[in-house]
Amino acid sequence: MVGLLVGLVLLLLCVLLFAALISSLSSCSLDLSDPDTGAPQEQGGCLFDVDDDGFCGDDECDDFNASIHVGAQEVCDADERDEDCDGLRDDDDPSATGQSTLYLDADLDGYGDASQPFQRCHPSRGITRDDTDIDDSDSRVWTEDGVYTGDVTGDYNTVCQGARSVTVIGSILLSNGSEVKLSHLACVVSITGDLGIVETRRLTSLEGLEQLGAVGGSLTLQGTALTDISALSGLTEIPGDLIIADNPALASLAGLEGVAAIGGSLTLADNAALSSLDGLAGLTAVEGDITATGNLLLCDQAKDALLAQLTGFDGLAVWEGNAGVCP
């Protein structure tokens with residue numbers, strides 16, 4: 001009988017101890033007050049504190065990192081952790097430290113404006129680490145000078161690549177194009193090779209080439225619907241041939257007034273609406289031959305005027321089928 005009573009007492013003690021243990025686990029802390037005075041001691045404690053930082057329960061939101069707990073300093077970090085356990089991370093937490101200088105990217109091209117700095121933890125839409133954009137209002141432009149190496153033969157949408165001015169080391173040869181404007185070439189200031197625009201019947205002007213100041217080879221405009229070539233007004237010399245042929249709507253060569261010399265031959269053929277060579281008023285030298293045929297509105301006096309303005313021309317001049325009546 002005595003043994004049974006002892007057993008019951010031990011069982012009761014076990015139950016009480018187990019209940020106390022459960023209560024301690026749920027609070028995840030121990031009362032470490034001074035046993036003699038009851039005053040709180042300076043250091044708290046936890047039954048379970050994996051990272052040994054002295055914090056647990058509601059004061060701990062990552063028990064595997066000692067730098068994360070209530071009261072910790074929020075810092076910028078690649079993992080965007082919430083160090084102070086306030087529910088806010090990095091740029092969303094005004095108490096965060098460790099920001100770096102980032103820059104406004106108003107045109108969203110990935111390049112920032114050096115005059116618009118921000119202190120931020122991380123880049124975001126409209127905020128970038130780059131500070132090299134020279135025009136943050138235009139997403140097509142972020143650098144001053146560029147070079148495109150190779151011939152451009154129709155796929156010219158990437159020639160500028162963010163540059164305000166580009167030198168093409170090669171030729172631009174466009175044919176059978178569907179584009180009606182050359183706006184994607186607006187950055188081109190120089191071509192070391194030829195410029196050829198042929199069989200582009202939808203193209204009516206050369207708008208987009210206004211910055212072009214130099215061609216290293218020949219200039220060919222053939223088989224187009226061009227009515228205006230004034231965009232070529234920046235040219236001063238054509239080292240190769242100048243060929244303008246089969247452009248039935250082109251009535252004037254206005255835009256070529258700045259060309260003083262042609263290093264090769266000059267060919268004007270089958271331009272049904274061409275009635276004047278006033279656009280070549282600045283031309284003083286042609287190194288090769290001059291051929292003008294099939295320009296129905298061009299008169300013989302235009303030939304005489306052209307030859308009179310050339311210095312030292314000793315090439316062959318062919319003038320046939322130009323049936324215009326001179327005033």
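Please report Val188, Val159 as a ranked list, fewest other C-beta atoms within 10 angstrom at the top and most at the bottom.
Numbers: Val188 28, Val159 19.
So the residues, fewest neighbours to most, are Val159, Val188.
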Original post:
Measuring from the lowest to the highest alpha carbon on each principal axis, how far does the range 218-279 reach, largest first, in angstroms?
Top reply: 26, 18, 17
Original post:
How big is the shadow of the Cα convex hull of the range 101-182, averaged over all directions, in nm²?
Top reply: 6.3 nm²
**OP:** Collect residues whose amide H, placed 1.01 Å from N in the peptide plane, falls under 5 Å from the amide H of Leu174; neighbours closer than 5 in sequence don't count.
**Re:** Gly196, Ile197, Val198
Subject >> Residue exposure sequence - His69, His122 - by fewest surrounding Cβ within 10 Å >> reply: His122, His69
Original post:
How big, on average over all directions, is the shadow cast by the Cα convex hull of the range 173-310, in nm²?
Top reply: 6.7 nm²
Original post:
Using all Cα-Cα distances in the range 284-327, what percent lands in each 10 angstrom bin from 0 up to the longest?
Top reply: 29, 52, 20
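FYI, it's all coordinate maths here, none of it is from the lab. Values in this document were obtained by computation on a predicted structure and should not be read as measured data. We place every Cβ from the backbone using ideal geometry, glycine too, and count neighbours over all the protein chains shown.
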